[in-house]
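Data block below; observations after.
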Amino acid sequence: MDYDFRSIERKWQSYWAEKQVFKAVEDSSRPKFYVLDMFPYPSGAGLHVGHPLGYIASDIYSRYKRLKGFNVLHPMGYDSFGLPAEQYAIQTGQHPEITTQKNIARYREQLDRIGFSYDWSREVRTCDPAFYKWTQWAFLKMFDSWFDPSLHKARPISELIARIEKDGYEDITPEKWAGATEKEKSDMLMNYRIAYQGETAVNWCPELGTVLANDEVKDGLSVRGGFPVEQKKMTQWQLRVSAYAGRLLDSLESLDWTDSLKEMQRNWIGKSEGTEVVFQCGEPAFPVTIFTTRVDTIYGVTFMVLAPESELVDKLTTPQHRAEVDEYLQYVKKKTERERIAETRAVTGVFTGSYGTNPVTGEKVPIWISEYVLAGYGTGAIMAVPAHDSRDYAFARKFNLPVVPIIEGCDVSEQSFDAKEGRMCNSGFLNGMDVKKAIEAAKDYVEEKGLGRRKTNYRLRDAIFSRQRYWGEPFPIYYKDGIPTPVPFDKLPVELPEISEFKPTSAGEPPLARAKDWTYEGYPLETSTMPGFAGSSAYYLRYMDPKNPDALVSPEADGYWRNVDLYIGGTEHATGHLIYSRFWNKFLFDLGYVCEDEPFRKLINQGMIQGRSNFVYRIVGTNTFVSFGLKDQYKTTEIHVDVNIVRGDRLDLEAFKAWRPEFADAEFVLENGEYVCGWAVEKMSKSMFNVVNPDDICEQYGADTLRLYEMFLGPLEQSKPWDTKGIDGVHRFLKKFWRMFEGLNDAQPTKDELKALHNLIGKEQDDIENFSFNTTVSAFMIAVNELSALGCNKKAILEPMVVLLSPFAPHIAEELWHVLGHEGTVSDAKFPEYDASLTVESNCTYAVSFNGKTRFTVDLPVDMKGPEVESHVRALEQTDKYVGGQNIVKVIVVPGKIVNIVVK
RNA sequence: GCCCUGAUGGCGGAAUUGGUAGACGCGCUGGACUCAAAAUCCAGUGUCCCUUAAAGACGUGCCGGUUCGACCCCGGCUUGGGGCACCA
């Protein structure tokens, strides 16, 4: 009987689907385990062989956990709102809904062929109104909340109102509040809401006609599409993510994520502890607060700088300098973000004509304006210490401002001295102190004298939440007499309206402005939509209770599944989705809707699978192609050739002629009768003709082979090129395993057979827990080689082997499970018990050497590990028989060979 | 510029974390089976010296150090990948 993987896989895939084998049901008698994949955006191109890598890994882990007795939740869905579908709609007029549904169907088909153990009854789609109802709900909850800085958590806005009415809050007195109009009250509260509307400089992408979040922009270009992005001041919905910066940073500690990913988040959040200091500025003088992390350098201040966008610019510009300043502001305004990056570190600026007073020295320093100071960070104003800050230094040199060093012996003739080391000088009460001490002493001094206070700043900005687009969640907000007002919860969802065209209106309004009757109770609804990350921020919660019409997730379901135990996905979401989701979850946690503060306990980033491209070499001016080894004898051009007509770097000549009409009459210069192609590792993409479709692999080798091979390719977290060449090895292994079931018998296993099996059990358990799937596959091959060399076809050995294989190659495992005479499914089996004593021989004689010379022999159990052997030999030492009273420092064992004893 | 991260045969990669470097797979070479091919099986396969073997020497990007012992730890480079980049 041959290994007919096609019919086996078809059979078991439909069995799993019909019997709903992987349906997860809350069950408090069993421990839960939640394994999640980052759900895909269903693009038109379909899946290539690189996409399922993480899905296969998470599936193996899920199936393994099931064998270990866990109640596993392993769902899948689609992140189905987004720009590509809408861009496609604008070009073709095809409704995004239609293309999205089509792409989802195609994705599902491809996923199903690989044999995943998803509970499809829990599928979610972010573009489904029943799903985005809860995205809108969360937004309204944020609108209806404020961040209480004394509690460090979100509270209902009603509590803030009560507090204002009673005692006032910040600059809102009870009298001011009582006398305000509805509109004025709404404006005041906007400054505190977690979801709020505010005017800020935003990333505006004219080509896409929308604003973008910081993580959606790279090098001044949009991540989607690569279009230029410029800074523009606009009123937009925003989420007060920055309020959570401290908590997002602190609880990073508790997460089981890779260091590099945590580091990326730390950098993105960008905590810096410093001091705010007040300088009296202008004429007549008024206070200006600056932020610095180096108050200790305050004696070295020789000028101040304002951001061009700062409100202080206008106040501090003297009439004599007005024209010059205006000209500079115009110049800055015209520049796009991209130009700013292109002219890196071009030093520009202008003098305001005003002076500020150093509160410590009483000295007057000039106030300048420069684009190197950012309006959005700190206070938009700085004190400049050119001797000890490289940016201030460059500015001082350009505009001939004085440079005053305040650290003993530092040389500032060529560059600034930025290091926080040395001894202070020229600094009054700080003189003689070590810099690190001086930083603290200066902070204390400033606070004591009432000149300023300690302050922690974060780089993390609030998230811009509006997109001037169609294919996203509509805001449940309408404008009643110009006041943003929430649509009541029981009227959610606010469904996306049908529109005729998906472009912005000619007046530049978002596409929703085209919708007929886009109103609520006669008032206009918000016309922008939510960004892509809105729908993906809480989807993992919805999987816990996907059909619930009354809550995002019921307290029962949430209390059982709690949070994601294992999350697998790409590193590209490090500063986007993974920050927003954590923020979103913390917000819901504050309000008591979820029971865990963090959404993803452990996170693994799978590496990318790159493409391996092949090339042919056409002799210039001909239609003759020369083989790789001979190409240097001719003048050739390198042409990408479809990797699917190349096998082992040998070109299929007939397939090549049929590939493109222009190659139909191609001629070849061969070496040893073959055409050898060149190759290179590149990104997997259509244009490189190196895309390998998982469907083709499933057709040719089967899903089990694909799964094993993707894991065998290398460590999960590492990027590696796909090379179909090696796949025969794992396919051969499966065939070999299959053949072992011919002549199955009930004989008692021998010791060697048991050893091979238990070695594998131990190895697989360790490896899977460490996500080292590639070495597990190797271990399997070793075990099967050993067992087949022993001629083993005994049930007692093969039955546990089938269970061990089932997470990796589930289809063949199910089939063999039935060959062994079982009913039901192998996923109901138990993971075999590991008996360590079986994997080793009882005793072994070692030569004991000291400094390379054999001293004596000793009998030791071979499974003794280093420390055990050490204590064993130490015990021998007590008898004074072996080492002659010398002190043993360390004992090293190499099985079957030498024990090296280090003595003192 | 700063922060992560990697570098091991012809190739993908192992190495119990300081203890036999190169597991496993691919490829290659030779052999068995076959009229032949495919499939399958067996043997060999880091480099150098050598007709071969034994034996030996060398060998984990480079230079140096610690150690009885280093792919692993320390210092200094070279280089691939990723992230951040006027954040005061």
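The values are calculated or read from the model by the stated rules, or taken from the named source; none is laboratory data. Since we're looking at a predicted model, the values are computed, not measured. Note that each Cβ is placed from the backbone with ideal geometry, even for glycine, and that neighbours are counted across all protein chains shown. The area values use the complete protein model at the heavy-atom level, side chains included, leaving out ligands, DNA and RNA. Shrake-Rupley method; radii C 1.70, N 1.55, O 1.52, S 1.80 Å.
Yes/no per residue for (1) at pLDDT 95 or above; (2) farther than 19 Å from A:Leu541 by Cα; (3) in contact with a strand residue (DSSP E or B) (Cβ under 6 Å, 6 or more places away or on another chain); (4) open to solvent by less than 50 Å² (accessible area, probe 1.4 Å):
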position: A:Glu9; (1), (2), (3), (4): yes, yes, no, yes
position: A:Ile56; (1), (2), (3), (4): yes, yes, no, yes
position: A:Pro75; (1), (2), (3), (4): yes, no, no, yes
position: A:Ile90; (1), (2), (3), (4): no, yes, no, no
position: A:His95; (1), (2), (3), (4): no, yes, no, yes
_I'm trying to understand the selection: among the residues of the range A:665-681, which are assigned to a loop (DSSP other than H, G, I, E, B) and farther than 12 Å from A:Leu630 by Cα?_
A:Asp665, A:Ala666, A:Gly673
_Index of the failed condition, A:Tyr701 passing every other in (1) over 26 Å from A:Ser117 (Cβ atoms); (2) within 14 Å of RNA strand B (Cβ to nearest atom); (3) among the aromatic types (Phe, Trp, Tyr)_ = (1)
*Tally the residues that are more than 13 Å from RNA strand B (Cβ to nearest atom), closer than 20 Å to A:Asp434 by Cα and not in a loop (DSSP other than H, G, I, E, B), restricting the search to the range A:385-420.*
1
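At least 1 residues that are more than 30 Å from A:Pro287 (Cβ to Cβ) in each: list the strands (runs of 3 or more DSSP E) lying fully within the range A:423-503 that qualify. Full working, then the answer.
On the way: elements: A:452-458, A:477-480, A:483-486.
In the range A:423-503, the matching strands (runs of 3 or more DSSP E) lie at A:477-480, A:483-486.
Suppose we keep only residues that are surrounded by fewer than 22 Cβ atoms within 10 Å (Cβ to Cβ) and more than 6 Å from RNA strand B (Cβ to nearest atom) within the range A:369-384. Which one would you say is farthest from A:Ser413 (Cα to Cα)? Spell out how you get there, then give the answer.
Going residue by residue through the range A:369-384, those that are surrounded by fewer than 22 Cβ atoms within 10 Å (Cβ to Cβ) are A:371-372, A:374-379.
Keeping just the survivors that are more than 6 Å from RNA strand B (Cβ to nearest atom) gives A:375-376, A:379.
Details: A:Ala375: 30, A:Gly376: 32, A:Thr379: 30 Å.
Here the answer is A:Gly376.
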*asked:* Given (1) open to solvent by less than 50 Å² (accessible area, probe 1.4 Å); (2) near RNA strand B (Cβ under 9 Å from one of its atoms); (3) in a loop (DSSP other than H, G, I, E, B); (4) on the phi < 0 side of the Ramachandran plot, identify the lone condition not met by A:Met684.
replied: (2)
_Meets criteria (open to solvent by less than 50 Å² (accessible area, probe 1.4 Å), over 30 Å from A:Ser613 (Cα atoms) and within 12 Å of RNA strand B (Cβ to nearest atom)) for A:Trp722_ = no
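Does the range A:814-824 hold any residues that are surrounded by 20 or more Cβ atoms within 10 Å (Cβ to Cβ) and touching a residue at least 24 places away in the same chain (Cβ under 8 Å), and which are they? Steps first, please.
Taking the range A:814-824 as the starting set, the residues that turn out to be surrounded by 20 or more Cβ atoms within 10 Å (Cβ to Cβ) are A:814-817.
Residues satisfying the conditions are A:Glu814, A:Glu815, A:Leu816.
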*Return the residue satisfying two criteria in turn: it lies in the range A:553-587 and is in contact with an Asp or Glu (Cβ under 7 Å, 6 or more places away or on another chain), in a helix (DSSP H, G or I) and closer than 15 Å to A:Val72 by Cα, and of such residues it is least open to solvent (accessible area, probe 1.4 Å).*
A:Ala557
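Table: residues versus (1) without any contact (Cβ under 8 Å) to a residue 40 or more places away in the chain; (2) assigned to a loop (DSSP other than H, G, I, E, B).
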{"position": "A:Phe589", "(1), (2)": "yes, no"}
{"position": "A:Glu598", "(1), (2)": "no, yes"}
{"position": "A:Arg601", "(1), (2)": "no, no"}
{"position": "A:Asn614", "(1), (2)": "no, no"}
{"position": "A:Tyr617", "(1), (2)": "no, no"}
{"position": "A:Lys631", "(1), (2)": "no, no"}
{"position": "A:His640", "(1), (2)": "no, no"}
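For the range A:687-718, give me each residue that is assigned to a helix (DSSP H, G or I), modelled with pLDDT under 90 and polar (S, T, N, Q). Write out each step before concluding.
Step one: filter the range A:687-718 for residues assigned to a helix (DSSP H, G or I), giving A:687-688, A:694-700, A:703-712.
If we keep only those that are modelled with pLDDT under 90 too, we end up with A:687-688.
Scanning the range A:687-718 gives a single hit, A:Ser687.
If only one of A:Gly702, A:Gly648, A:Gly673, A:Gly678 is farther than 30 Å from A:Phe771 by Cβ, more than 28 Å from the chain's Cα centre (by Cα) and surrounded by 15 or more Cβ atoms within 10 Å (Cβ to Cβ), which one is it? Don't jump to the end; show me each part of the working.
Numbers: A:Gly702 fails: farther than 30 Å from A:Phe771 by Cβ; A:Gly648 fails: surrounded by 15 or more Cβ atoms within 10 Å (Cβ to Cβ); A:Gly673 fails: surrounded by 15 or more Cβ atoms within 10 Å (Cβ to Cβ).
Of the residues listed, the single one that is farther than 30 Å from A:Phe771 by Cβ, more than 28 Å from the chain's Cα centre (by Cα) and surrounded by 15 or more Cβ atoms within 10 Å (Cβ to Cβ) is A:Gly678.
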_For the range A:743-800, which positions are within 15 Å of RNA strand B (Cβ to nearest atom), among the hydrophobic types (A, V, I, L, M, F, W, C) and open to solvent by 10 Å² or more (accessible area, probe 1.4 Å)?_
A:Phe771, A:Ala779, A:Met781, A:Ile782, A:Ala789, A:Leu790
*Among the residues of the range A:186-212, which ones are in a loop (DSSP other than H, G, I, E, B) and more than 21 Å from A:Ile90 (Cβ to Cβ)?*
A:Asn191, A:Tyr192, A:Ile194
*So, of the residues in the range A:252-308 that are without any contact (Cβ under 8 Å) to a residue 60 or more places away in the chain and open to solvent by less than 30 Å² (accessible area, probe 1.4 Å), which turns out to be farthest from RNA strand B (Cβ to nearest atom)?*
A:Leu252
